[in-house]
Amino acid sequence: MTLTPGAFVRTGLLVLLAVIIQVAGIQSIPILGGTVDITPLFVAAVAIYAGSIPGAIVGFATGLLLDLAIGQTLGLSSLVLTALGYGVGRYRDMRDPSHGLLPIPVAAAATAGYYAAVAAVSFMLEIGATVSLLVLREAVITVLLNVAIALPFFALIRRILRPVLAVDPLQRMRRRQGSEPTATGPLGLRGLEVNR
Amino acid sequence: MYDKQVVRRRRAVLAVLVGLSIIMLTGYFGESTGGPLHRFQGGVQTILSPIEAGASRAFSPIRNLAGWFGDVFDAKGQNKDLKKQLAATRSELVAAQAAARDDAGLRKQLGMNQKLGIGQTDAVQARVILKSPTAWYSTVQIDVGRGDGVKVNQPVVTGDGLVGKITSVNGGTSTVTLITDSSSSVSAMVDNGASGQVQPSIGDPNDMRLQYIKGPAIKVGQTVTTAGWASGKLESIFPRGIPIGRISKVSSNELKLYKQAHITPFADFKTLDQVEVITTRLKQPTNPGSAGP
């Protein structure tokens with residue numbers, strides 16, 4: 001991500017919008033016994049398009065705003081979402097993924113990881129009450145719902161962030177596909193390909 | 001050289017952010033509810049509340065539409081003949097159903113107020129504007145605050161029964177910690193005279209536990225209400241007689257080993273919309289033989 005004032009404003013507004021939409025809107029619309037949770041999706045999307053440092057910073061800001069807005073333990077969501085943003089960003093940095101269906105596994109892993117980490121940190125902090133298995137059911141439904149909206153959601157975030165991205169993974173993929181040979185050359189030997 | 005710098009910077013950013021989060025977690029736990037972090041949180045909530053209230057209002061047609069879809073799925077068998085007519089009047093129906101739900105809720109609330117002796121000036125009506133997204137922290141934010149006479153620890157009810165208590169108050173909004181929150185514990189009485197503590201089961205708001213049961217044997221179907229007393233000389237924040245739920249399962253093993261039974265709460269925590277904050281301490285009979293903490 002190019003660190004310009006415009007990038008900060010754009011990302012900051014996105015963070016505010018994601019948290020407000022989640023807690024004031026989406027959270028009250030139950031679907032099949034669960035709800036869509038766009039906070040881990042949003043952090044994962046930023047991390048996959050912008051890298052590990054922006055991912056971690058956006059994760060921290062989103063988590064902090066979430067904790068402040070709903071009045072829950074300060075630092076809990078920011079800790080988990082920072083790790084999530086960094087983790088997804090590192091995956092992007094190291095593996096350079098650019099497949100068109102990438103948002104689906106990333107959304108599933110990010111949502112499941114977020115829920116597992118929130119549960120783990122909550123257990124470590126203060127939970128003394130009985131825990132129902134329905135927590136697991138709700139988490140699974142949320143993962144499935146997030147997977148269902150992953151492609152359009154990631155596309156939307158990419159579209160909004162594209163002007164401030166240093167490198168767009170999808171464009172890089174298309175460029176590579178266009179310039180790289182699609183098959184071996186006329187003799188069937190590598191190195192004698194005809195570039196299209 | 002460049003790579004090393006990048007790696008170092010990346011690790012430094014991660015360390016700073018994780019460190020900040022841990023410092024906030026530790027500080028938040030260590031301080032009282034009047035501490036600087038809690039005050040900062042309250043300040044941010046006050047700033048955000050108009051935006052949140054606006055967003056909540058903007059989303060209400062979508063919520064109503066989602067509710068409408070649920071209703072249609074439930075009544076699918078009976079609605080075949082009316083489908084064409086329904087499509088034409090869909091938008092009117094959405095508005096009408098929302099109004100009917102509000103009306104039913106308010107009527108129930110009125111009945112509950114009459115039963116508990118709550119006068120018009122003893123309570124304020126509120127609407128839920130935010131819900132916590134995790135199953136671990138059951139809190140909601142309502143659109144009344146300090147300006148409406150709301151204070152910390154005031155009980156919150158719906159027409160069905162007990163919902164929770166106020167845990168933080170800002171100018172125009174308040175946070176309600178529901179009785180399904182992991183930190184909640186309510187002293188309760190069964191209608192046959194047995195007593196105990198109602199505690200939540202995280203993730204399943206429809207299955208709560210009545211623990212530390214004392215007194216006569218309890219049976220499935222009996223009603224559980226607030227006891228109105230707490231431990232020792234301490235007074236409960238919940239007035240006596242607010243319905244909590246119905247005993248749904250009594251297992252002899254659980255009863256013997258853990259002194260606990262299962263309760264299905266009357267309040268529907270998944271679709272919480274209108275609530276009432278009891279702002280006046282109600283008169284209630286003393287109970288010297290209190291058994292619960």
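The values are calculated or read from the model by the stated rules, or taken from the named source; none is laboratory data. Computed from a predicted model, the values in this text were never measured in an experiment. Note: ideal-geometry Cβ built from the backbone for every residue, glycine included; neighbour counts use all protein chains shown. Ligands, DNA and RNA are excluded from the accessible area calculation, which covers all protein heavy atoms including side chains. Shrake-Rupley method; radii C 1.70, N 1.55, O 1.52, S 1.80 Å.
Laid out as a table, the results:
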{"quantity": "Matching residues, region A:20-44, being assigned to a helix (DSSP H, G or I), open to solvent by less than 10 Å² (accessible area, probe 1.4 Å) and facing chain B (nearest Cβ under 9 Å)", "calculated": "A:Gln22, A:Val23, A:Ala24, A:Thr39"}
{"quantity": "Filtered residues of region A:79-107 (kept if among the polar types (S, T, N, Q) and on the phi > 0 side of the Ramachandran plot)", "calculated": "none"}
{"quantity": "Residue among A:Gly6, A:Gly100 that is in a helix (DSSP H, G or I), more than 26 Å from B:Thr167 (Cα to Cα) and open to solvent by 10 Å² or more (accessible area, probe 1.4 Å)", "calculated": "A:Gly6"}
{"quantity": "Given (1) aliphatic (A, V, I, L, M); (2) modelled with pLDDT of 90 or more; (3) surrounded by fewer than 24 Cβ atoms within 10 Å (Cβ to Cβ), index of the condition B:Ala194 fails", "calculated": "(2)"}
{"quantity": "Qualifying residue in region A:113-120 (condition: within 8 Å of another protein chain (Cβ to nearest Cβ), out of contact with any helix residue (DSSP H, G or I) (no Cβ under 6 Å at 6 or more places or on another chain) and at pLDDT below 90)", "calculated": "yes"}
{"quantity": "Condition broken by A:Gly128, with the remaining ones in (1) at pLDDT 85 or above; (2) open to solvent by 70 Å² or more (accessible area, probe 1.4 Å); (3) closer than 30 Å to B:Ile263 by Cα satisfied", "calculated": "(1)"}
{"quantity": "Qualifying residues in region B:212-221 (those that are open to solvent by 30 Å² or more (accessible area, probe 1.4 Å) and in a strand (DSSP E or B)) - the one nearest to B:Asp181 (Cα to Cα)", "calculated": "B:Tyr212"}
{"quantity": "Output for region B:19-36, where each listed residue is in a helix (DSSP H, G or I) and open to solvent by 40 Å² or more (accessible area, probe 1.4 Å)", "calculated": "B:Leu20, B:Ile22, B:Ile23, B:Thr26, B:Phe29, B:Gly30, B:Pro36"}
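Rundown of residues vs (1) in contact (Cβ under 8 Å) with a residue 60 or more places away in the chain; (2) among the basic types (Lys, Arg), yes/no style:
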position	(1), (2)
B:Leu106	yes, no
B:Gln114	no, no
B:Asp122	yes, no
B:Val140	yes, no
B:Lys165	yes, yes
B:Ser168	yes, no
